[in-house]
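See structure below.
FYI, it's all coordinate maths here, none of it is from the lab. Just so you know, these numbers come straight off a predicted model, no measurement behind them.
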Ligand code: MRU
């Protein structure tokens, strides 16, 4: 269930704004088109955004095959700038752009020392290979997250998840849904409760759909039912993904995640975050300065063009919230399960 594929010089993105009603692919051929697709949430989910942005750089590089080295660098700087402005919260976007820029910097440096420098066309080939490697690495990482997380899932577990941290939000397999997939594949009789995830309905439209495609038992609930489900002992654990994890474990994820963590804490239910190390921002000491995207008012006031609130009403629409580390039981990464104190375990994971 890959949400993106590079084919014949374009990047094809499964249009996640149309799912589950329609399965349509959108073709992008340059960085500006990719940035618009990220901004408009045709592709979404932190790791998928990162890999897509890397392809955005690679597509633009391919357009510059005949450029002079100086023009190529200008083109790349502009591509990275546009892509970097597409969405602010998921750090995987900046991680991916830094990785592409870092590779280009290294190639330029060795070019400056070489008698037979690489052509701009060669540079474009290298950048495409890097984006492809990032896509494949992401899938391998998610499988490792799944394997580590599976150990935390008891047979018969009823698991609550929020938003979509599945194959659709990554190159494939998913992070939180990767753990769920691994538990299901291990033969555990699990049942998933998917929060619908207002206002953009990633849980209803994407998670429920994705799990049904894989025959993983799933029940849809409104976000405001989570407390009642927990109070009635219908949830054994909560797993979500993350958009950015600070060095102390504070975690930004889809709006509503914080409320779930508070509820899980009150009901003494384990609350897990599943995310790759590329979602950890060691430059942020804690979650207080994580930029929180605010999305357009119409995401709350309309549903597919149909008004569901009085015209002109004032709206506040933050797309993410930050869950304090103290409410998180563990963070499941590709290197293993990180426990408190997170400052120490997170640093250890990068060694
Ligand atoms: O606004 P979205 O749909 O991009 O938000 C996605 C989430 O919050 C996910 O939980 C997160 O990116 C992790 S995806 C593996």
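A few comments on the model shown:
- The GNM of the chain, with springs linking C-alpha atoms under 10 angstrom apart, assigns the highest mean-square fluctuation among 197, 219, 333 to 219.
- Acute angle (nearest 10 degrees) that the helix 69-84 long axis makes with the longest principal axis of the chain, alpha-carbon atoms: 10 degrees
- Listed residues 77, 15, 236, most fluctuating in the chain (Gaussian network, C-alpha, under 10 Å): 77
- Cα gyration tensor, the stretch 153-349 - rounded (a/c under 1.5), prolate or oblate: oblate
- Computed over the chain: relative contact order in percent, which uses C-alpha pairs under 8 Å that are six or more apart: 16 percent
- Extension gain (nm, one decimal) between residue 188 and residue 309, 0.36 nm per residue minus Cα-Cα: 39.3 nm
- Mean-position separation - Cα centroids, the stretch 184-255 and the stretch 308-331, in angstrom: 16 Å
- Taking only the alpha carbons of the chain, we obtain Rg and Dmax values of 20.4, 72 Å in that order.
- Shape class of the stretch 4-143 from the alpha-carbon gyration tensor: prolate, with a/c at 1.5 or above and a/b greater than b/c.
- Within the chain, antiparallel bridges make up roughly 55 percent of the DSSP beta bridges whose residues both belong there.
- C-alpha long axis of helix 257-266 to longest principal axis of the chain, angle in °: 30 degrees
- Cα gyration tensor, the stretch 212-255 - rounded (a/c under 1.5), prolate or oblate: oblate
- The chain, helix-only ellipticity at 222 nm - DSSP H runs n ≥ 4, -39,500 (n - 2.57), divided by all residues, nearest 500: -12500 deg cm²/dmol
- Listed residues 200, 266, 316, most fluctuating in the chain (Gaussian network, C-alpha, under 10 Å): 316
- Taking every alpha-carbon pair under 8 Å whose residues sit at least 6 apart, the stretch 4-143 reaches a relative contact order of 25 percent.
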